[in-house]
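Inspection log for the structure reproduced underneath, given as structure tokens.
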Amino acid sequence: MADRTQHNAPVMVIGLGRFGASTAAQLKRQNKEVLAIERDPTLVQKWSGQLTHVVEADATDIDALRQLGAADFTSAVVGVGTSVEASVLITANLVDLGIERIWAKAITPAHGKILSRIGAHKVVFPEADAGRRAAHLVSGRLLDYIEFDDDFAIVKMHPPKETHGFTLAESDVREKYGVTIVGVKSPGEDFTYATPNTKVTSRDLLIVSGQVDLIERFAARP
């Protein structure tokens, strides 16, 4: 079923709990073909009409994965997190089958470390990531927040008063606060990449990048 030559190749998602189901549904919205594997018959029935292919199987059994053609896939998501043993065994099976890209959900740092050691290419901590994101957004000025591994972030935010009515060159945000205004979204207009001559109004939204602590400092301005 999978075609390694296509950029839009099918993705295998194992586990249809909240994280796995959300990932599979989003992949389908992006017009990607999804093979979902779940051993709980209730979840299989729930998602069978909503995803491309939903199969009831135990992914801790490598022979079951082979029978489903798992080795033909280049990408897989392991959404099993509540059972560390099952998560680790499934990930190890995917590594043994030669899956090129494996994203695996972890519930603790120790769990994540094990997944990385056995070959998961990207370990995801959904609950911890969501908690950090919520903590940054709860202040009210930040409207969206994406943090990267090196303490670098990109945010969407309301502009501080000191930028209202000034061009970026005039407000000199980068020199004062060490962050970069990447773009500006004005009401009713398309997003535009920022230049030194871009003027900011109180109704605009800013896309800002930089170190997390510097962004927080800038966002705390009145």
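Listed values, structure above:
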{"item": "Region 118-133: number of residues that are part of a helix (DSSP H, G or I), surrounded by fewer than 16 Cβ atoms within 10 Å (Cβ to Cβ) and touching a Lys or Arg at 6+ places or on another chain (Cβ under 9 Å)", "result": "0"}
{"item": "Total residues in region 122-151, condition within 14 Å of the chain's Cα centre (by Cα) and either within 14 Å of residue 79 (Cβ to Cβ) or not charged (D, E, K, R) (or both)", "result": "12"}
{"item": "Number of positions in region 154-198 that are of a type in the set (A, V, I, L, M, F, W, C) and in contact (Cβ under 8 Å) with a residue 60 or more places away in the chain", "result": "2"}
{"item": "Options 32, 28, 46; residue that is more than 16 Å from residue 124 (Cβ to Cβ), touching a strand residue (DSSP E or B) at 6+ places or on another chain (Cβ under 8 Å) and in a helix (DSSP H, G or I)", "result": "28"}
{"item": "Residue count for region 104-117, restricted to those that are of a type in the set (Ser, Thr, Tyr) and surrounded by 14 or more Cβ atoms within 10 Å (Cβ to Cβ)", "result": "1"}
{"item": "Test: residue in region 134-141 that is charged (D, E, K, R) and either part of a helix (DSSP H, G or I) or within 27 Å of residue 107 (Cβ to Cβ) (or both)", "result": "no"}
{"item": "Single residue of region 64-103 satisfying the filter (buried (at least 23 other Cβ atoms within 10 Å of the Cβ) and small (Gly, Ala, Ser)) that is nearest to residue 8 (Cα to Cα)", "result": "76"}
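One line per residue, one yes/no per condition, for (1) surrounded by 13 or more Cβ atoms within 10 Å (Cβ to Cβ); (2) assigned to a loop (DSSP other than H, G, I, E, B); (3) of a type in the set (Asp, Glu); (4) not assigned by TED's automatic domain parsing to the domain that holds residue 82:
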{"position": "162", "(1), (2), (3), (4)": "yes, no, yes, yes"}
{"position": "182", "(1), (2), (3), (4)": "yes, no, no, yes"}
{"position": "197", "(1), (2), (3), (4)": "no, yes, no, yes"}
{"position": "201", "(1), (2), (3), (4)": "yes, yes, no, yes"}
{"position": "206", "(1), (2), (3), (4)": "yes, no, no, yes"}
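The values are calculated or read from the model by the stated rules, or taken from the named source; none is laboratory data. Not measured: the values here are computed from a predicted model. All Cβ positions, even for glycine, are placed from backbone atoms using ideal geometry, and neighbour counts span all protein chains on display.
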